[in-house]
Amino acid sequence: MITLLDQCLAAYAPAEWARLETQLASLPAFSRSVKTLARLLTSRAAVCDLDGQGRVLLPPSLRAAASLGREAVVVGVLNRIEIWAPVAWDAFLRDSERMLDDVSLDVQWPPPPAPLPAPPATPVPSAPDSTRRPQAKPYR
């Protein structure tokens, strides 16, 4: 499934698209921003076939919406592939690099190491059993 996302096209495997739909459906149904997001993502989505050479056939409406011409930049991003017009990709990189220089960005990278598990508790030796009496030695 391919949809317009920001200034590029985002291509999802069927299982990832289904997971995205499930996530959208779990959000508050009457929230204005949720409705807008769901409408924008799903109304522009299209199932795209492959041609005989294994190329993805993008609908003209999606190509135009992403300003794609004969060339494209294809980027793998976690659970999707993004298809960018080269000019838009270059602009994104410039803007993103400036954003990474912003110290107010609330993203810690690399993430801090996970805390180490606590060591197992050292067993405390038990006190001798006071009810046990020493055995008497036989008298000879």
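Quick check on segment 79-91. Is at least one of its residues in contact with a helix residue (DSSP H, G or I) (Cβ under 6 Å, 6 or more places away or on another chain), on the phi < 0 side of the Ramachandran plot, part of a loop (DSSP other than H, G, I, E, B) and modelled with pLDDT of 75 or more?
yes
If you check Ala46 against the conditions, is it under 25 Å from Thr3 (Cα atoms) and either at pLDDT below 85 or touching a Cys at 6+ places or on another chain (Cβ under 8 Å) (or both)?
Considered against the rule, which asks whether it is under 25 Å from Thr3 (Cα atoms) and either at pLDDT below 85 or touching a Cys at 6+ places or on another chain (Cβ under 8 Å) (or both), Ala46 comes out as no.
Which members of segment 55-65 meet the condition of being of a type outside the set (Ser, Thr, Tyr) and either in a helix (DSSP H, G or I) or farther than 24 Å from Ala15 by Cα (or both)?
Pro60, Leu62, Arg63, Ala64, Ala65
One line per residue, one yes/no per condition, for (1) under 18 Å from the mean Cα position of the chain (by Cα); (2) exposed (fewer than 10 other Cβ atoms within 10 Å of the Cβ); (3) in a helix (DSSP H, G or I):
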position	(1), (2), (3)
Thr3	yes, no, no
Ala15	yes, yes, yes
Ala18	yes, no, yes
Thr22	yes, yes, yes
Ala29	no, no, no
Ser33	no, yes, yes
Leu37	yes, no, yes
Cys48	no, no, no
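Within segment 78-99, can you find the residues that are touching a residue at least 24 places away in the same chain (Cβ under 8 Å) and within 20 Å of Tyr12 (Cα to Cα)?
Asn79, Arg80, Ile81, Glu82, Ile83, Trp84, Ala85, Trp89
The values are calculated or read from the model by the stated rules, or taken from the named source; none is laboratory data. Note that the structure is predicted; figures quoted are calculated from it, not measured. Counting neighbours? That spans all protein chains shown, and the Cβs are built from the backbone with ideal geometry, glycine included.
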